[in-house]
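What follows is a set of notes on a single structure, which appears directly below.
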Amino acid sequence: MKGVERLWVLSHEPTGPLVPYLDSFARHLDEQGFKRRLISRQIRVTANFSKWLETEEVAAQDVTDEHIERFFQGPRRPQAIQRGECATLRRCIDFLLELGVIHPLPHPRETTPIQQAVDTFRTYLRQERGLSDKTLIQYSPFIERFLFERFGHGALELAALRAGDVVEFIKQQATHLSPARAKVATTALRAYLRYLHACGEIELDLVTAVPTVPNWSLSAIPRAIAPEHLQAVFAHCPRDTSVGRHGRPPRHECRGFHLRHSLAH
């Protein structure tokens, strides 16, 4: 889109049926709170998937989860799940569903035990809690990743979940997510653990084990200061005094900051 900053950079120009949606998908990820480097990583995975779809002669409106399974089949699949690449492409499909580019399948697909558990939870949130599809799209990848990190390809023994599993997962997520996105992870996990406890799947109430992720406003360093703002600061600094040469405005210009009151105390 002309005039809009691109949120991703690739070494090669992407090809395939998903290329027209890469920019809008990137903005969607940005709105969800993903950091810039994670947006680029997810766009890279999506671009690789788009190139593969091109070789398979699959149009964007025909993409399904089955194509994701085929794309990641073989020895690299466990690593792809662990790195969140499978979740990225499912997130992309959900996004295309939301746009109306592709349509839901009339028949349920064959799913793994983890995917079945996530789908059951999504149905509960939609029917019993009345949550929107947008919220479900945000919650689902975190629940799927949490279950995979704990059980992998083994049996889904939910009763074996412990507080340490919860804490370790959130700590891991917080290291590479923005505060806003990490907060979504904690909210999703609390909702899922509350659901499991209410259904009797787990005896322990693990909701209180979910740590709180700090989300301070203005915690990041500003990207830039406008030149006119910088000139305005310098204009209030008398260069003929030692204080002014250090870039501090005269005291009489700082009444708004109550410096006199601070010095008096």
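The values are calculated or read from the model by the stated rules, or taken from the named source; none is laboratory data. Just so you know, these numbers come straight off a predicted model, no measurement behind them. FYI the Cβ positions are ideal-geometry reconstructions off the backbone, even for glycines, and counts take in every protein chain you see.
Looking for whichever is farther than 15 Å from V101 by Cβ, outside the structural domain of Y139 (by TED's automatic domain parsing) and either among the β-branched types (V, I, T) or assigned to a helix (DSSP H, G or I) (or both) here; the options are S24, S11, S40. Which one fits?
S40 is the lone residue from the list that is farther than 15 Å from V101 by Cβ, outside the structural domain of Y139 (by TED's automatic domain parsing) and either among the β-branched types (V, I, T) or assigned to a helix (DSSP H, G or I) (or both).
Between R190, R162, R150, which is under 18 Å from T120 (Cα atoms) and either surrounded by 14 or more Cβ atoms within 10 Å (Cβ to Cβ) or modelled with pLDDT of 90 or more (or both)?
One residue alone meets the criteria, R190.
Identify all residues within region 125-184 that are at positive phi and in contact (Cβ under 8 Å) with a residue 40 or more places away in the chain; write none if there are none.
Correct list: G152 only.
In region 34-53, which residues are buried (at least 19 other Cβ atoms within 10 Å of the Cβ), hydrophobic (A, V, I, L, M, F, W, C) and under 13 Å from the mean Cα position of the chain (by Cα)?
Once the filter is applied, which keeps residues that are buried (at least 19 other Cβ atoms within 10 Å of the Cβ), hydrophobic (A, V, I, L, M, F, W, C) and under 13 Å from the mean Cα position of the chain (by Cα), region 34-53 yields F34, I39, I43.
Got a number for residues in region 54-82 being at pLDDT 85 or above, surrounded by 13 or more Cβ atoms within 10 Å (Cβ to Cβ), among the β-branched types (V, I, T) and part of a helix (DSSP H, G or I)?
Summing the residues that are at pLDDT 85 or above, surrounded by 13 or more Cβ atoms within 10 Å (Cβ to Cβ), among the β-branched types (V, I, T) and part of a helix (DSSP H, G or I) in region 54-82 gives 1.
Of the numbered conditions (1) surrounded by fewer than 21 Cβ atoms within 10 Å (Cβ to Cβ); (2) modelled with pLDDT of 90 or more; (3) of a type outside the set (A, V, I, L, M, F, W, C), D133 satisfies every one except a single condition; which is it?
(2)
Any idea how many residues of region 1-29 are free of Cβ contacts under 8 Å to residues at least 60 places away in the same chain and surrounded by fewer than 17 Cβ atoms within 10 Å (Cβ to Cβ)?
16
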